[in-house]
Amino acid sequence: MTTIFLIRSAGRAVARSARRRLLALVSLALLHLASASVTAQSPVVVQSAASPGFTSSALHPGDVLRVRILREPDLSGEFTIDETGVVTLPKLGPVRAVDEPVAALKARIIESFAKYVTQPVEVTPVLRVRVLGAVRTPGIYKVEPAMTLADAIALAGGTTPTANDNRVRLIRDGQTLDVALTPNAVMADSPLRSGDQLYVPERGWLSRNPGALAGAVSATATLIWAIRRQ
């Protein structure tokens, strides 16, 4: 009888120890879920085509210059800046296009065309920006300077249901800014610049699954109650 009693006591002790270990594991899992819900997701930064010498107000290789001259279709069109920073324009030939502010570049091109035509010359830069993360169609988009960060998100099809609209990352010239896509957000309506990257993170796992924490807490409470009854 003594041997049987000792075996049963040892079995109950082992069971209690196993339940305590299980409780500890559940608690650790809850802590992990909570930390995951508040940890910000890191943006995937794609290296820009711009070199360190390019300023944020200048164009970059891959951008486009749209030239419109009335009744001059041969001189009009869209012309891409090559990898060396040069754009080749009709009549003007190769033009350096990346090492000065956009306004100065436009003025220089218009002045050069004035030697050949008398009609007004319209020069519009078309920029390339990347929109990544929790948007419906991530990718590279061509935009005009008057377009805003919110416009770029719209071009990518808008955000997904799991997106965190309050912490959109704007990556510009190696710096990262958090932008909120809310009606009163000033940065959301700021103009785009060449080489901008927008990264829309997803909301934390718990915020996307609000019932999970409540269920886990309920299960833990039930387990604690069961252990205490032993």
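The values are calculated or read from the model by the stated rules, or taken from the named source; none is laboratory data. In this text the structure is predicted, and so the values were computed from the model without any measurement. Note that each Cβ is placed from the backbone with ideal geometry, even for glycine, and that neighbours are counted across all protein chains shown.
Descriptive notes on the structure:
- Going through (1) in a strand (DSSP E or B); (2) over 21 Å from A58 (Cβ atoms); (3) modelled with pLDDT of 90 or more one by one, D178 falls short only on (3).
- Annotation note: Cβ proximity below 8 Å between a residue of the stretch 111-138 that is free of Cβ contacts under 8 Å to residues at least 40 places away in the same chain and part of a loop (DSSP other than H, G, I, E, B) and a residue that is of a type in the set (G, A, S) and surrounded by 13 or more Cβ atoms within 10 Å (Cβ to Cβ) (sequence gap 6+ or interchain) occurs for R136/A156; R136/G157; R136/G158; T137/A156; T137/G157; P138/A156.
- Candidate set: the stretch 83-110, residues that are farther than 23 Å from A146 by Cα and not in a strand (DSSP E or B); chosen: the one nearest to the chain's Cα centre (by Cα): E83
- Put simply, of R108, R68, R96 the only residue that is in contact with a Ser or Thr (Cβ under 8 Å, 6 or more places away or on another chain), at pLDDT 95 or above and either within 16 Å of T124 (Cβ to Cβ) or assigned by TED's automatic domain parsing to the domain that holds P145 (or both) is R68.
- Taking the numbered list (1) touching a residue at least 24 places away in the same chain (Cβ under 8 Å); (2) touching a Ser or Thr at 6+ places or on another chain (Cβ under 8 Å) in turn, G157 passes all entries but (1).
- Conditions (1) at pLDDT below 85; (2) on the phi > 0 side of the Ramachandran plot: number failed by G158: (1)
- A146 meets each of the listed conditions (1) of a type in the set (A, V, I, L, M); (2) farther than 23 Å from A103 by Cα; (3) in a loop (DSSP other than H, G, I, E, B) apart from (2).
- Filter pass, Y116 being within 27 Å of V168 (Cβ to Cβ), in the same structural domain as A163 (by TED's automatic domain parsing), aromatic (F, W, Y) and surrounded by 13 or more Cβ atoms within 10 Å (Cβ to Cβ): no
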